[in-house]
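Read the structure below first, then the notes.
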Amino acid sequence: MFKGLKLIAVVCGLAVLAVPVAAQSIPNSMKGVEAKQLFGKERSASRHAPAPFGSYAKGCMAGGVQLPETGPTWQAMRLSRNRNWGHPETIDFIQTLSAKAARQPGWAGLYIGDISQPRGGPMLSGHRSHQLGLDVDIWMLAPKRLDLSRAERENLSSVSLRRAKGAFTNSKWTRAHHEIIKAAAMDPRTARIFVFPGAKVQMCKDEKGNRAWLRKIRPWWGHHYHFHVRLRCPKGARGCVDQAAPPAGDGCADAQKWVDDILNPPPPDPNAAPPKKRREYTIADLPSQCVSVLQSK
């Protein structure tokens, strides 16, 4: 992905453009070690200017910022995971969206799930993405209070909004969910938002005004306890690789196809190749800057 790219600038010791890790030596302590083990043990951000390197599912984050555990309109959940770290744009996005959510009836703000580890990178469990500090999971549960203890944040569960395996929303879906997700999609920093198929179809039915934002709402498995916001690579982040833009249009027909396939699953393809087991990345698979990110003290 990064082969042949030339370095054009250096910021706080990190080259701006991502280059192959093979272009520099890998410390013996990192060789052959799963990248998730290396990044999963880091407890604080690197001492660099904030910058994402690589792609959402194959990269790392320099200079991450920790979302305060509690703010005027948010609380970070599952603090034991230490995944409330992100790029400054992500932290600002959360603060902005949570203030809008707090204006919805019955919502004190937002409960925030996983963002990224302190230095991004592959996680020990739960995600293939969330590696750049530009992804954030937002709970579907409407906060009634924002003074939860650490213990409560570990034990409280979000609420599922799906029925019929995700083909439809259930009675817990509200207009406030629609408006909060819409506000997230209309932020120009947002690249896409993942929700279960039935939620996208419901939003398509309910939206009577501007529908352009619906293009960013993409159906995906799961995502009924939370919705997943993915931000674009920040301006000037030359080492960051954006995901391809969603197809043109509002995407409503595509979401309906997902629903139809849930209700009437197509027969399996007898000629389909068996799925390949995903191998775990090592540091050699990631942009070279990720070595420096890990070495920062």
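Read-outs throughout are calculated quantities, based only on the coordinates presented, and are distinct from any laboratory measurement. Since the model is a prediction, treat every value here as computed from it, not as a measurement. Note that each Cβ is placed from the backbone with ideal geometry, even for glycine, and that neighbours are counted across all protein chains shown.
Summary of values
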item	result
J(HN,Hα) series, region 99-115, from Karplus relation 6.51 cos²θ - 1.76 cosθ + 1.60, nearest Hz, glycine and proline x	5, 5, 4, 5, 8, 7, x, x, 10, 7, x, 9, 9, 9, x, 5, 10
Dimensionless Rg over Rh [region 48-197; C-alpha; Kirkwood]	0.95
Relative contact order for the chain, counting Cα pairs under 8 Å that sit 6 or more residues apart, in percent	24 percent
Part-to-part distance (alpha-carbon centres) for region 197-242 and region 276-297, which is given in Å	28 Å
Mean-position separation - Cα centroids, region 74-125 and region 28-47, in angstrom	23 Å
Fewest-first sequence of 140, 123, 61 by Cβ atoms within 10 Å of each Cβ	123, 140, 61
Overall Cα dimensions of the chain - principal axes, largest extent first, Å	55, 54, 35
Highest-fluctuation residue, 198, 249, 64 considered, GNM on the chain with Cα pairs under 10 Å	249
In region 82-173, the GluC sites (Glu not before Pro) that fall in loop regions by DSSP, at most 13 other Cβ within 10 Å	none
Exposure proxy order (Cβ contacts within 10 Å, fewest to most) of 233, 60	233, 60
Qualifying aspartates and glutamates (Cα of each under 14 Å from Cα of residue 36; at least 8 residues distant if same chain)	280, 285
Using θ = phi - 60° and Karplus 6.51 cos²θ - 1.76 cosθ + 1.60, couplings along region 227-243 (whole Hz; Gly, Pro as x)	10, 10, 9, 10, 8, 5, 4, x, 4, x, 7, 5, x, 9, 10, 5, 6
Relative contact order, percent, region 163-297 [alpha-carbon distance under 8 Å, six or more residues apart]	27 percent
Amide H partners (placed H, <5 Å) of residue 251, local residues excluded	none
Amide hydrogen neighbours beyond the local backbone of residue 140, cut-off 5 Å, H modeled	159, 226, 227
Cα→Cβ-extended label distance, 7 Å offset, between residue 235 and residue 144, nm	4.3 nm
Taking 258, 74, 220 and counting other C-beta atoms within 10 Å, the order from fewest to most	220, 258, 74
Of all DSSP beta bridges in the chain, antiparallel share, percent nearest 5	75 percent
Cα-based Rg of region 215-297 normalised by 2.2 N^0.38 Å, two decimals	1.58
When each of 100/182; 165/257; 182/208; 41/277 is checked by Cα-Cα distance, pairs over 18 Å	41/277
